[in-house]
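The structure appears below as structure tokens.
The values are calculated or read from the model by the stated rules, or taken from the named source; none is laboratory data. Computed from a predicted structure; not experimentally measured. Reconstructed Cβ throughout: ideal geometry from the backbone, glycine too, with neighbour counts over all protein chains shown. What goes into the accessible areas is simple: the full protein's heavy atoms, side chains included, and nothing from ligands, DNA or RNA. Shrake-Rupley method; radii C 1.70, N 1.55, O 1.52, S 1.80 Å.
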Amino acid sequence: MQIIAVSVGNNIITNFMSIKILIILVIPNFMSNIPSNIKFLRKKKGLTQQEFADALGIKRSLVGAYEEERADPKYELLTKIALFFDVSIDDFINETINEKWAPKPKGNPANLRVLSISVDKEDNENIELVPLKASAGYLNGYADPEYVAQLPKFYLPMFKQGTYRAFEIKGDSMLPLVSGTIIIGEYVENWADVKPAETYVVISKSDGVVYKRIGNKFKENKKLKLISDNPVYEPYEISGEDVLEIWKAKGYISTHFPQPTPEPTLESLTSMMAQMQRSISNLQSNN
């Protein structure tokens with residue numbers, strides 16, 4: 001690729017001005033599928049190399065170089081080619097596309113995911129803050145370097161290893177953390193690593209940005225159960241295909257200090273018992 005890149009296991013970190021683009025892959029040598037995929041899809045459309053090059057606005061010699069593994073297309077061109085063939089960029093890079101090929105579900109943990117990260121002058125990763133007013137826009141801009149570059153940023157020395165992002169939460173579903181609390185989350189590359197009973201910031205197309213406790217392991221084509229710490233709120237499920245990002249909660253910032261635990265009241269005990277009965281009923285129905 002015609003970009004500055006450093007391999008880190010199965011990750012590739014790319015310098016882009018003051019932004020790093022983290023491309024998450026599960027398989028190594030991901031470019032090895034590209035030449036055969038381009039050639040197969042081009043022929044399937046009945047296009048010559050010249051016709052294909054004209055459609056993309058590139059030289060015919062580049063098409064030949066890509067198909068013969070003499071050069072690698074830039075990521076921007078890869079996305080353009082995938083769009084031209086109406087194939088997801090995930091499948092275009094990760095899959096061997098032939099007559100027997102079928103698209104993978106979008107929620108598959110093995111798919112490619114792109115994460116933009118801002119860095120300071122010394123190449124240290126910042127912690128970008130997604131405030132409440134930016135939560136809706138984050139669903140469309142989370143992978144856009146220009147959008148991420150405009151988010152507020154800060155740095156905390158205790159978070160040196162890993163990639164972190166901060167999210168302002170709203171509502172009282174996760175008491176004792178009150179509305180306005182900022183959750184600092186560590187990026188989860190492989191969603192299969194999500195651990196039940198621990199808290200995460202989950203970004204999904206259907207539910208937006210939420211901070212919840214996870215109720216089950218992430219499995220392909222399965223629903224992800226989200227649980228509120230406030231028992232007044234019922235647990236609910238979202239489709240794995242809707243999930244865009246998952247961040248493991250590692251800390252929080254709040255102007256509200258924890259209050260002493262109050263003595264249990266009859267009302268609180270009744271609420272706890274009702275919640276336990278609902279949980280038992282749900283377990284019995286699932287079994």
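Structure summary
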{"quantity": "Cβ-Cβ under 8 Å pairs, at least 6 apart or on other chains, the stretch 262-281 side under 18 Å from Leu175 (Cβ atoms), far side open to solvent by 100 Å² or more (accessible area, probe 1.4 Å) and hydrophobic (A, V, I, L, M, F, W, C)", "calculated": "Ser271/Val232"}
{"quantity": "Check on Glu186, in contact (Cβ under 8 Å) with a residue 12 or more places away in the chain, in a strand (DSSP E or B) and open to solvent by 40 Å² or more (accessible area, probe 1.4 Å)", "calculated": "yes"}
{"quantity": "Members of the stretch 151-171 found to be part of a loop (DSSP other than H, G, I, E, B), without any contact (Cβ under 8 Å) to a residue 60 or more places away in the chain and surrounded by 17 or more Cβ atoms within 10 Å (Cβ to Cβ), listed by number", "calculated": "Leu151, Ile169"}
{"quantity": "Hey, Ser135 assigned to a loop (DSSP other than H, G, I, E, B), out of contact with any Lys or Arg (no Cβ under 6 Å at 6 or more places or on another chain), within 30 Å of Pro258 (Cα to Cα) and among the hydroxyl-bearing types (Ser, Thr, Tyr) or not", "calculated": "no"}
{"quantity": "Filter result for Ile89 (under 12 Å from Asn37 (Cβ atoms), of a type in the set (Val, Ile, Thr) and crowded, with 16+ Cβ neighbours inside 10 Å)", "calculated": "yes"}
{"quantity": "The one condition in (1) modelled with pLDDT of 90 or more; (2) in a loop (DSSP other than H, G, I, E, B); (3) open to solvent by 40 Å² or more (accessible area, probe 1.4 Å) that Met174 fails to fulfil", "calculated": "(3)"}
{"quantity": "Residue count for the stretch 48-76, restricted to those that are hydroxyl-bearing (Ser, Thr, Tyr) and in contact with a Phe, Trp or Tyr (Cβ under 9 Å, 6 or more places away or on another chain)", "calculated": "0"}
{"quantity": "Test: residue in the stretch 53-67 that is open to solvent by less than 20 Å² (accessible area, probe 1.4 Å), modelled with pLDDT under 90 and within 31 Å of the chain's Cα centre (by Cα)", "calculated": "no"}
{"quantity": "Condition check for Tyr200: under 25 Å from the mean Cα position of the chain (by Cα), closer than 30 Å to Leu139 by Cβ and of a type in the set (Phe, Trp, Tyr)", "calculated": "yes"}
{"quantity": "Inter-residue pairs, beta-carbon under 7 Å, first under 30 Å from Thr270 (Cβ atoms) and in the stretch 232-249, second part of a strand (DSSP E or B) and modelled with pLDDT under 90, 6+ apart", "calculated": "Glu237/Lys223; Ile238/Lys223"}
{"quantity": "Count of the stretch 121-132 residues which are under 19 Å from the mean Cα position of the chain (by Cα) and assigned to a loop (DSSP other than H, G, I, E, B)", "calculated": "2"}
{"quantity": "Residue selected from the stretch 229-287 under the condition closer than 20 Å to Gly208 by Cα and in a loop (DSSP other than H, G, I, E, B), by the criterion least open to solvent (accessible area, probe 1.4 Å)", "calculated": "Asn230"}
{"quantity": "Selected residue [surrounded by fewer than 20 Cβ atoms within 10 Å (Cβ to Cβ), within 26 Å of Lys217 (Cβ to Cβ) and modelled with pLDDT of 90 or more] from Ala110, Ala197, Ala143", "calculated": "Ala197"}
{"quantity": "Sole residue being surrounded by fewer than 15 Cβ atoms within 10 Å (Cβ to Cβ), out of contact with any Cys (no Cβ under 8 Å at 6 or more places or on another chain) and at pLDDT below 90, chosen from Ile3, Ile34", "calculated": "Ile3"}
